[in-house]
Amino acid sequence: MHLHLLVPDLFGPPFDAAGAEPPTASASAPATPALETILARGRKATQPAASFEAWLLAQFTAADQAPLASAPFALAADGGEPGEQTWAHADPVHLRVERDHLVLVEPDPPLTSADTEALLGTLNDRFDPQQVRFVAPTPSRWYAAIGAMPPLLAEPAARVRGHPIARFLPRGDGGKTWQRLLTEVQMVLHDHPANAARETRGELPINSVWFASGGTIAPVRAPRVQLLCSTLAVARGLAHAAGIEAIDPPPQFDELVRSTATRSGVAWCVLDALRAPVAYHDRTAWARGLEILERDWFAPALAALRARQLGMITLHAFGPGSELVVETTASDLRYLWRRRRPLHTYVNPSVDHANAALES
């Protein structure tokens with residue numbers, strides 16, 4: 001088996017000039033000898049990647065095709081029926097006031113079915129269904145059927161969370177129209193009884209939605225992969241459209257080996273546990289998550305590579321604006337002169353670089 005490990009935000013939150021930890025320090029990172037070995041011994045290449053979602057969509061987009069939109073594929077994976085309608089993500093979010101800007105954070109705790117039913121019922125009562133109609137096949141993921149609205153250009157909520165929203169608001173020719181709709185939605189949700197009940201329980205209210213990645217279902221190009229492991233709705237939707245088997249990633253590499261013992265070919269495993277800690281600049285949670293990935297995935301996968309139970313490990317490490325690709329075979333492990341290096345040496349710690357990537 002050729003195993004691809006797709007790990008967004010592997011290298012942690014970007015350092016900033018005001019941070020207590022200097023760029024050359026790695027004291028906050030756990031010991032990751034297996035990961036460092038894979039990184040050191042393999043062949044490396046860096047390429048631009050606006051976001052993990054953009055990279056994923058590109059893998060299923062033919063060269064002569066317009067970029068795919070993630071919303072209709074995610075909706076299909078969640079059990080919805082996209083049909084020929086244009087769909088956008090309309091994720092329920094909380095906008096938190098910080099100094100002079102609004103920061104997007106996820107609902108805490110997640111919405112219940114009753115919360116979602118009440119909030120969407122009011123939204124659909126207030127808006128013309130020929131303009132926008134909201135559906136929620138799952139309580140925490142909402143979608144909007146777009147009628148008489150211009151094309152939507154906006155980043156996914158997963159990329160925006162933890163950041164001020166001003167730089168990520170809908171843009172392009174229809175940007176102002178979408179921003180007005182966003183404001184109208186916020187007014188409807190303000191002081192909604194379901195939100196008042198959430199606040200009474202000490203929970204974050206849903207004071208906005210985040211529109212992103214609008215489009216219709218389109219044909220996909222099937223990458224050379226036989227199995228995709230991911231909990232992400234868009235990944236599973238793309239896989240299903242391409243005729244690729246999609247499963248939830250097992251908690252440990254060894255369980256993947258046991259469940260695929262008779263298989264060969266190419267498997268992609270999306271390990272996205274580090275995304276939320278990085279989005280919210282929580283280096284402690286990131287370090288704890290990385291330690292778990294080292295124990296449950298990197299170390300046993302490296303052992304399997306040494307035993308030639310794997311033909312190759314390809315690590316895709318996604319950071320702000322770029323992707324580091326590392327291809328490592330069992331033969332590469334003999335190159336002891338390719339010495340292991342701390343993780344922080346693989347990234348540019350410049351805050352200007354990170355911000356430029358976010359704003360691109």
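The values are calculated or read from the model by the stated rules, or taken from the named source; none is laboratory data. These numbers come from a predicted model, not from an experiment. Methodologically, a virtual Cβ is constructed for each residue, glycine included, from the backbone with ideal geometry; neighbour enumeration extends over all protein chains shown. Just the protein is used for accessible areas: all its heavy atoms, side chains included, with ligands, DNA and RNA removed. Shrake-Rupley method; radii C 1.70, N 1.55, O 1.52, S 1.80 Å.
What the table shows:
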quantity	calculated
Criterion violated by GLY121 - all others in (1) touching a strand residue (DSSP E or B) at 6+ places or on another chain (Cβ under 7 Å); (2) at pLDDT 95 or above satisfied	(1)
Close pairs (9 angstrom Cβ cut-off, 6 or more residues apart or separate chains): of a type in the set (Ser, Thr, Tyr) in the stretch 169-195, open to solvent by less than 50 Å² (accessible area, probe 1.4 Å) and in a loop (DSSP other than H, G, I, E, B) anywhere	THR177/MET149; THR177/PRO150; THR177/PRO170
Qualifying residue in the stretch 113-132 (condition: part of a loop (DSSP other than H, G, I, E, B) and open to solvent by less than 70 Å² (accessible area, probe 1.4 Å))	yes
Given (1) of a type in the set (Gly, Ala, Ser); (2) part of a helix (DSSP H, G or I); (3) open to solvent by 20 Å² or more (accessible area, probe 1.4 Å), index of the condition ALA194 fails	(3)
Flag for THR37 being modelled with pLDDT of 95 or more, in contact with a Leu (Cβ under 7 Å, 6 or more places away or on another chain) and in a loop (DSSP other than H, G, I, E, B)	no
Scan of the stretch 295-304 for residues that are under 20 Å from ASP332 (Cα atoms) and either touching a Leu at 6+ places or on another chain (Cβ under 6 Å) or open to solvent by 60 Å² or more (accessible area, probe 1.4 Å) (or both), ordered by number	PHE298, ALA304
Hey, ARG283 free of Cβ contacts under 8 Å to residues at least 24 places away in the same chain and open to solvent by 20 Å² or more (accessible area, probe 1.4 Å) or not	no
In the stretch 155-174, the residues that are under 21 Å from PRO72 (Cβ atoms) and open to solvent by less than 20 Å² (accessible area, probe 1.4 Å)	ALA157, VAL160, PRO170, GLY174
Residues satisfying the stated conditions in the stretch 35-65, i.e. charged (D, E, K, R) and more than 18 Å from the chain's Cα centre (by Cα)	GLU36, ARG41, ARG43, LYS44, ASP64
Residue count for the stretch 99-109, restricted to those that are open to solvent by 60 Å² or more (accessible area, probe 1.4 Å) and out of contact with any Pro (no Cβ under 7 Å at 6 or more places or on another chain)	4
Filter pass, PRO22 being surrounded by fewer than 21 Cβ atoms within 10 Å (Cβ to Cβ), more than 25 Å from the chain's Cα centre (by Cα) and at pLDDT below 90	yes
Tally of residues being open to solvent by less than 30 Å² (accessible area, probe 1.4 Å) and either in a helix (DSSP H, G or I) or without any contact (Cβ under 8 Å) to a residue 24 or more places away in the chain (or both) across the stretch 59-92	6
Residues being in contact with a helix residue (DSSP H, G or I) (Cβ under 7 Å, 6 or more places away or on another chain) and over 20 Å from LEU57 (Cβ atoms) - total across the stretch 143-162	3
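Residue by residue, here is whether (1) touching a strand residue (DSSP E or B) at 6+ places or on another chain (Cβ under 9 Å); (2) over 29 Å from ALA71 (Cα atoms); (3) modelled with pLDDT of 95 or more; (4) open to solvent by 20 Å² or more (accessible area, probe 1.4 Å) holds:
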residue	(1), (2), (3), (4)
CYS229	yes, no, yes, no
LEU232	yes, no, yes, yes
ALA239	yes, no, yes, no
ILE244	yes, no, yes, no
GLU255	no, yes, no, yes
THR262	no, yes, no, yes
ARG306	no, yes, yes, yes
